[in-house]
Amino acid sequence: MNIGNAYNSASGVFSAPVRGVYYFSFSSFGFNGRNVCVSLFKNSARMLSACDHHSAADSSDSAGNGGTLHLEQEAQVYMTLHARSHIFADDQNRSTFRGFLLFRT
């Protein structure tokens, strides 16, 4: 869902429509012996990261994180994938990004 169209699915950037406190969380899934490592940014500052490194004991890896951010109107929130890291995406939605306004400030 993208109520209010604050998330641009082409660029992957969320732009805060109003000043307030928002909650964001994400999950990422790696498969086939690949590392998964992602970060959430507020404007150009890294705010959250989550990593899971491949081991011989498993064939899939997943990582997730979440937190609250105070955003000014038009602040941008987006995800990045670290170098030499991969995520797997399919119709089972194992890699996700979500956020919502908790309250205006």
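The values are calculated or read from the model by the stated rules, or taken from the named source; none is laboratory data. Everything numeric here is computed off the predicted structure, so don't read it as measured data. Because the Cβ atoms are built from the backbone with ideal geometry, glycine has one as well, and the counts that use them run over all protein chains shown. Please note that ligands, DNA and RNA were not included when accessible areas were found on the heavy atoms of the full protein model with its side chains. Shrake-Rupley method; radii C 1.70, N 1.55, O 1.52, S 1.80 Å.
Less than 15 Å from a label point 7 Å out along the Cα-to-Cβ axis of Asn93: which backbone N atoms in the range 1-28 qualify, by residue? Correct set: 1-3, 25-28. The mean sequence separation of alpha-carbon pairs under 8 Å and at least six residues apart, normalised by the residue count of the chain, gives a relative contact order of 40 percent. Annotation: per residue accessible area for the chain equals 62 Å², rounded to a whole number [probe 1.4 Å, protein chains only].
Seen from Met79, the other residues with C-beta closer than 15 Å to its C-beta sum to a net charge of +4, counting Lys and Arg as +1 and Asp and Glu as -1.
Of the labelled figures [x] -0.26, -0.53, -1.04; [y] -0.36, -0.60, -0.90; [z] -0.24, -0.49, -0.92, only one reflects log10 I(q)/I(0) by the Debye sum over Cα atoms at q = 0.09, 0.13, 0.19 Å⁻¹ as derived from the coordinates, namely [z].
Here the label points at Asn32 and Ala45, each 7 Å from Cα along the C-beta direction, are separated by 3.8 nm in the simple model. Mind jotting down the distance between the C-alpha centroids of the range 77-105 and the range 21-70, whole Å? Going from one Cα centre to the other spans 8 Å. Net length available on complete extension from Tyr23 to Gln76 is 17.7 nm, with 0.36 nm assigned per residue and the Cα-Cα distance removed. Taking Lys and Arg as +1 and Asp and Glu as -1, the other residues whose beta-carbon sits under 13 Å from that of Val21 total +2.
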